[in-house]
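Notes follow the structure.
The values are calculated or read from the model by the stated rules, or taken from the named source; none is laboratory data. Being a predicted model, the structure only gives us computed values, none of them experimental. No Cβ is skipped: glycine too gets one built from the backbone with ideal geometry, and neighbour counts run over all protein chains shown. Note: areas computed on protein heavy atoms with side chains; ligands, DNA, RNA excluded. Shrake-Rupley method; radii C 1.70, N 1.55, O 1.52, S 1.80 Å.
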Amino acid sequence: YVVSPYLGAYYYGFNMVKAPFKDLPELRLALALSVDRSIITEKLTGSGEIAAFSFVPPVSGYVPQQTEWAEWSQQERNAEARRLYAAAGYDEANPLQVEILYNTQQNHKQLAIAISSMWKQNLGVKTTLLNQEWKVFLQTRTDQANTEIFRSGWIGDYDDAYTFLQLLVSDNEQNDSGYKNAEYDELLVFASRETNLTKRQEYMQQAEALMLKDMPVMPIYFYVSKHLVKPWVKGLTPNIMDHVYTKDLHLVY
């Protein structure tokens, strides 16, 4: 059984254009901190998925910018989450009431239940779950008048950080959260024009760090590729694109 990082991220998006998440980064961060990604990847998904504290998975030639709390214990994250939740104006007497939108599938349902339970236990959040069939879900997710939190994921088109970061540019049609940050947009423009690979990476790292501070989306885990490989099959080298060519394989008996 061979498991290796794959070019995909699973995350929740916040609606950034209306209450309760508009202009409340403390609230978005409080919810992100309260999600125990270790429980999700070890107990729920259970196939070697990688807890995500950055938006970009480990692509080639790029160092993802993790959140500053990536190295904290979950207890420390929960304590900070409670502080930020209170700073955003919510408490036991005035709990956040929020809806999670996801497309109909058992795995998405289980994850939504687990996350809503974590929010309830740590912060007192009251969560409603709404599932929709795929085509309806896609339409609803783009309608920022009718969403609060929505499930999302992205499989990169190519082995580069830009394929993830460009999703949150203000005018990108796939920017379903409605995130708008002029500095972020400018950094992505610089990266798209830069021919020096080191400088290009720096622009993208600055953009990712800025986005993680704003938290318009909440990274949860990175996908992995999974293969059952007979012991006499040699030459399979895992890679993030999961491109396996038979010309590289051989048999040893």
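Details
- Residue pairs meeting the criteria (Cβ under 8 Å; at least 6 apart or on separate chains; first part of a loop (DSSP other than H, G, I, E, B), in region 102-113; second open to solvent by less than 70 Å² (accessible area, probe 1.4 Å) and not hydrophobic (A, V, I, L, M, F, W, C)): Thr104/Gln132
- For Ser116: the one exception among (1) open to solvent by 50 Å² or more (accessible area, probe 1.4 Å); (2) free of Cβ contacts under 8 Å to residues at least 24 places away in the same chain; (3) under 14 Å from Phe150 (Cα atoms); (4) not aromatic (Phe, Trp, Tyr): (1)
- Residue tally, condition open to solvent by less than 60 Å² (accessible area, probe 1.4 Å) and assigned to a strand (DSSP E or B), over region 228-253: 1
- Here the condition is being open to solvent by 30 Å² or more (accessible area, probe 1.4 Å), in a helix (DSSP H, G or I) and either touching an Asp or Glu at 6+ places or on another chain (Cβ under 9 Å) or modelled with pLDDT of 95 or more (or both); of Arg77, Arg82, it holds for Arg82 alone.
- The residue of region 188-202 that is nearest to Ser170 (Cα to Cα), among those that are of a type outside the set (A, V, I, L, M, F, W, C), open to solvent by 60 Å² or more (accessible area, probe 1.4 Å) and assigned to a helix (DSSP H, G or I), is Ser192.
- Test: Lys22 is of a type in the set (D, E, K, R) and within 23 Å of Tyr179 (Cα to Cα): yes
- Where a residue in region 220-233 is farther than 16 Å from Val59 by Cβ and touching a residue at least 60 places away in the same chain (Cβ under 8 Å) and its partner, wherever it lies, is open to solvent by 40 Å² or more (accessible area, probe 1.4 Å) and among the charged types (D, E, K, R), with Cβ under 9 Å and at least six apart: His227/Asp242
- Residue in region 32-70 that is farthest from Ser117 (Cα to Cα), counting only those that are surrounded by fewer than 16 Cβ atoms within 10 Å (Cβ to Cβ) and of a type in the set (S, T, N, Q): Ser60
- Candidate set: region 163-187, residues that are assigned to a helix (DSSP H, G or I) and open to solvent by 50 Å² or more (accessible area, probe 1.4 Å); chosen: the one farthest from Leu129 (Cα to Cα): Glu186
- Here Asp23 clears all of (1) surrounded by 19 or more Cβ atoms within 10 Å (Cβ to Cβ); (2) free of Cβ contacts under 8 Å to residues at least 40 places away in the same chain; (3) not small (Gly, Ala, Ser) except the condition numbered (1).
- Conditions (1) in a strand (DSSP E or B); (2) free of Cβ contacts under 8 Å to residues at least 24 places away in the same chain; (3) not β-branched (Val, Ile, Thr): number failed by Ala93: (1)
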